[in-house]
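Q: Dropping the structure in here first, questions after.
Each value in this text was obtained by applying a stated rule to the coordinates, not by laboratory testing. Quantities reported herein were computed from a predicted structural model and do not represent experimental measurements. Heads up, the Cβs are rebuilt from the backbone with ideal geometry, glycines too, and the neighbour counts pull from every protein chain shown.
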Amino acid sequence: MAEGIGKTANFHQSEVYFILYSVPIGLLILTIFLTLTLSHFRPHARAGGEGCKAPPSYPHIDPIFGLDSLFLCLRDLHRGNLMNHLDDTFKRIQGGVYTYSTNFLGSRVIYTIEPENVKTIFATRYEDYGQSQTRKDALAIFGPGIFTLDGAQWQASRALLRPNFVRSQISDMSRLEVHVRQLIAKIPKNGEVVDLQPLFSELTMDSATELMLGESTNLLSGTPRVEARRFMDAFTYACEEPSFRMGIGWLATLIPDPKFHRCIRDMKAFVNIFVRRAIALQEIGKGTITGVEDDGVVARYVFLPHLARSRYDEKRIAAELMAVIVAGGGTTSSLLTVLWFTLARRPDVFSKLRNEVLSSFGTKLPSFEEVKGLKYLNWTMREIQRLYPVIPVNSRITLKDTVLPVGGGNDGRSPIFLSKGARVLHFPYSMHRRKDIYGDDADKFRPERWENLRTSWEYLPFSGGPRTCIGQQHALTEALYTTVRLLQSFKDVQPGDSSMWAEKLVLSMSVRSGCNVKLTA
């Protein structure tokens with residue numbers, strides 16, 4: 001009998017353990033189920049009265065968390081083929097769609113390449129959307145500035161930055177020419193292989209820091225300050241992390257990266273040297289933006305004193321500077337890298353470009369107006385941005401319940417209801433390759449298509465609406481001028497290796513293998 005009692009006691013003890021462990025696990029599963037169910041049915045319940053329909057869905061193997069899709073995306077991100085993978089996904093779902101929904105770690109996400117939806121997100125219903133927390137976390141490299149703020153704070157940041165990108169600043173080629181000459185001096189003239197990608201990065205960083213800080217990093221000169229070289233090394237590493245962190249969402253918080261945070265500290269330390277100096281000069285009344293120096297020469301505009309006059313604190317000023325320096329330099333160097341990677345493989349386009357430059361103004365230094373007047377070069381730049389936009393994907397989160405005009409239903413013509421907190425991703429990379437917009441050869445590099453092509457929201461390499469990239473014209477002018485000077489200096493370009501296109505996704509899209517070319521003077 002005692003043995004029976006012991007068995008009964010053990011049985012009851014097992015039951016207690018089972019209840020203790022199974023109840024919380026069951027509640028967790030139930031919570032997840034209810035959350036996903038409500039997030040699925042709430043849009044449908046609201047949509048009925050507005051004619052809204054759900055868009056086609058990604059055919060998940062894992063419908064709970066969507067880990068199957070996440071795995072494939074991370075695999076192709078690692079291979080340098082993520083953009084092509086996502087482009088193919090639009091073509092595969094139901095035989096081809098321009099908008100679909102997917103499950104991303106338990107949350108519903110809308111993917112779209114519909115110009116009407118893009119116009120709604122970035123213009124007509126602009127106030128319904130903001131930046132997702134995932135994007136803000138990934139761009140923590142900048143701090144609290146224009147790339148991480150919304151609403152009135154963002155408007156204040158944009159207004160503060162605008163004077164730096166007025167025509168008088170963009171059109172001054174003489175300051176850029178100093179750095180372009182140093183770039184050309186570092187390129188072998190005898191056809192020896194050189195990787196232009198790091199040189200373009202140094203060029204744009206030297207130029208950006210001179211304009212923003214009043215003192216160049218002098219990376220191309222070969223005699224940079226120790227802090228400047230540390231800044232560039234930190235920049236190179238830190239800019240590779242955001243795309244991965246945005247790709248895995250909140251899972252990024254579970255993956256520590258001490259080197260990433262150390263690089264951010266090194267970058268901020270360099271910028272803060274100049275910020276503290278500018279604030280100190282402003283406090284004693286010696287901080288100027290432009291003016292007349294002792295020798296009667298008009299001083300050049302420098303952005304930092306303008307920021308110091310704003311009376312923002314040191315942290316905010318440094319964040320705004322970081323945003324412009326890093327984003328501006330990164331996008332321009334990526335654009336140049338992709339362009340010259342392509343030109344090395346298209347001798348016909350290179351020849352047309354060189355002939356256009358030499359027949360227009362020979363080897364003399366061109367003005368802003370002359371560069372802008374080069375028709376074929378500008379077509380080529382547009383075509384590069386079409387096929388390889390420096391910002392290939394853009395994300396927004398809804399700040400309130402709202403509606404996208406198209407993409408719902410099997411035919412994709414019905415509106416889509418989005419509840420507050422929904423995430424929407426737009427892919428310029430895929431939208432720019434739609435054959436119904438750009439023709440059957442949409443995936444081919446053909447600058448001549450721009451002779452008669454007119455686009456609106458179908459072409460969006462630098463975003464659109466109120467949040468159009470404020471430095472767009474500055475980046476394009478710098479890339480155009482640098483290309484003209486290289487065309488004047490070299491008569492031939494050939495690939496330096498046999499690599500094919502594979503993307504490198506950092507803060508902007510560049511070439512995974514670098515830009516190894518052979519240039520002959």
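Q: What translational diffusion coefficient, to the nearest whole µm²/s, does region 423-491 have by Stokes-Einstein, given a Kirkwood radius computed over alpha-carbon pairs, a temperature of 4 °C and 1.567 mPa s viscosity?
A: Working: Rh = 14.5 Å.
Answer from the Stokes-Einstein relation: 89 µm²/s.
Q: Moving to a separate point now. Calculate the all-directions average of the projected area of region 386-442's alpha-carbon convex hull, and give it in nm².
A: With the hull built on Cα positions only, its mean projection is 4.7 nm².
Q: Starting from the coordinates of the alpha-carbon atoms of region 371-506, obtain the Kirkwood hydrodynamic radius over all distinct pairs and give the value in Å to one decimal.
A: One over the average 1/r among Cα pairs gives 17.7 Å for region 371-506.
Q: Mind giving me the nanometre distance, one decimal, between the label points for residue 401 and residue 311, set 7 Å out from Cα along Cα→Cβ?
A: So the two model labels end up 4.3 nm from each other.
Q: Still on this structure, please answer the following. At 0.36 nm per residue, and after removing the present C-alpha to C-alpha distance, how many nm does the segment from residue 226 to residue 265 gain when stretched out fully?
A: Extra length from residue 226 to residue 265 when fully extended: 12.5 nm.
Q: A further question follows. Can you work out ³J(HN,Hα) from phi for every residue in region 449-458, in order, using Karplus 6.51 cos²θ - 1.76 cosθ + 1.60 and θ = phi - 60°, giving whole Hz and x for Gly and Pro?
A: 4, 7, 5, 10, 6, 10, 10, 10, 6, 6
Q: Order of 162, 309 from fewest to most other C-beta atoms within 10 Å?
A: 162, 309
Q: Note the full-extension length gain between residue 68 and residue 127 as 0.36 nm times their separation in residues minus their Cα-Cα distance, in nm to one decimal.
A: 17.9 nm
Q: Which value, in debye to the nearest 20, gives the size of the charge dipole of region 149-205 about its Cα centre, when Lys and Arg are +1 and Asp and Glu are -1 at the Cβ?
A: For region 149-205, the charge dipole is close to 240 debye.
Q: From the cross-link list 364/491; 259/518; 372/491; 119/504; 186/491; 189/352, which pairs have alpha carbons spaced over 25 Å apart?
A: Long pairs (Cα-Cα over 25 Å): 259/518; 119/504.
Q: Taking the alpha-carbon centroid of each part, what is the distance from region 413-429 to region 460-521 in angstrom?
A: Result: 31 Å between the Cα centres.
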